[in-house]
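Asker: If you scroll down you'll find the structure; I have some questions about it.
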Amino acid sequence: MEVMVRRIAGRSRKFLWMLLVIPILLGGIGWSLPVGKEPSIIRAEATISLGNYQNEDFNQAKKVVTLLSHAPFYQENLAHLVEENGVPSQLTVSAVNEQMVKLVYSDSSAQQAANTVNEIAQAFLAIDQQKFADKKRIIDDSIAATEQEQVSEDAKVDQKRFLYELETAQLGLKHATLLREARPSDLVVESQNLSSRDRAVLGVLIGVCIAFLIIVLPEVVRKA
């Protein structure tokens, strides 16, 4: 063992330049290498709880996913986000459950990612609110008309039953709400690239390992 240690020490002195040059060289390469200099990708999420007013296109998660994944919605409501295929390429829409939908938008800017996904969510909520208001108005008008309608004694039971059904439907009405709004401070980094400094440090460490192996490995092999 002492002989091998002396030999390694001797090789270290002999190849001292290697211990210095290789780490410095790889550190410089790591610093200047263009690979990994791409900006990080930030993922912004928004979650919508769907409404309940007997409109399948807006009250069922699968239907809403389809709506928000196709071009017509963006062409009519968010024309500035329309891309070649008609849909924002960095957007993903998925159903959390039957009454919940999640929007995910990726961008190199946290602020831009949050703004875009929130804008899409708000565009959907605005349409949903109008659909909800239309349905509520129909039921309110039906209740008012039924209450004012003069019927015979024999028909009063049916009138009350119908009125009860309308009032029950009215109580069950619910518009969509934004459960979770994307905020730049809460966003998820989808892919984090190494900085120039990190790559340089990594290059130096790899260089030290390579130089060490070049010096030590021949002695280990010789002993074996």
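The values are calculated or read from the model by the stated rules, or taken from the named source; none is laboratory data. Worth saying up front: this structure is predicted, and the values here are computed from it rather than measured. For neighbour counting, all protein chains shown are included, and Cβ atoms are generated from backbone atoms with ideal geometry for every residue, glycine included. We work out accessible area using only protein heavy atoms, side chains counted, and drop any ligands, DNA or RNA first. Shrake-Rupley method; radii C 1.70, N 1.55, O 1.52, S 1.80 Å.
Asker: With a 1.4 Å probe and all protein chains in place, put His80, His175 in order of accessible area, largest first.
Answerer: Highest to lowest solvent-accessible surface, that is His80, His175.
Asker: List the pairs from Lys135/Lys160; Lys131/Lys156; Lys62/Lys136 whose alpha-carbon separation is above 30 Å, in the order I gave them. Write out the running numbers ahead of the final one.
Answerer: On the way: Lys135/Lys160 21 Å; Lys131/Lys156 32 Å; Lys62/Lys136 23 Å.
Long pairs (Cα-Cα over 30 Å): Lys131/Lys156.
Asker: Taking 30 Å as R0, compute the FRET efficiency from the Cβ-Cβ separation of Thr168 and Gln75 and round it to 0.05.
Answerer: For Thr168 and Gln75, the calculated efficiency is 0.20.
Asker: Next question. If R₀ is 22 angstrom, what is the calculated FRET efficiency for the pair Arg161 and Ile138, using the beta carbon separation as r and rounding to 0.05?
Answerer: Details: r = 19 Å, r/R0 = 0.86.
Calculated value: 0.70.
Asker: For a quick check of understanding: with a 1.4 angstrom probe and all protein chains in place, what accessible area in square angstrom does Arg183 have, to the nearest ten?
Answerer: About 140 Å², rounded to the nearest 10.
Asker: Could you check the spin-label model distance between Ile206 and Gln111? Points 7 Å from the Cα along Cα→Cβ, value in nm.
Answerer: The modelled label-to-label distance comes out at 3.6 nm.
Asker: Using a 1.4 angstrom probe with every protein chain in place, what is the largest-first accessible-area order of Asp154, Asp134, Asp57, Asp128?
Answerer: Sorted descending by solvent-accessible area, the residues read Asp154, Asp57, Asp134, Asp128.
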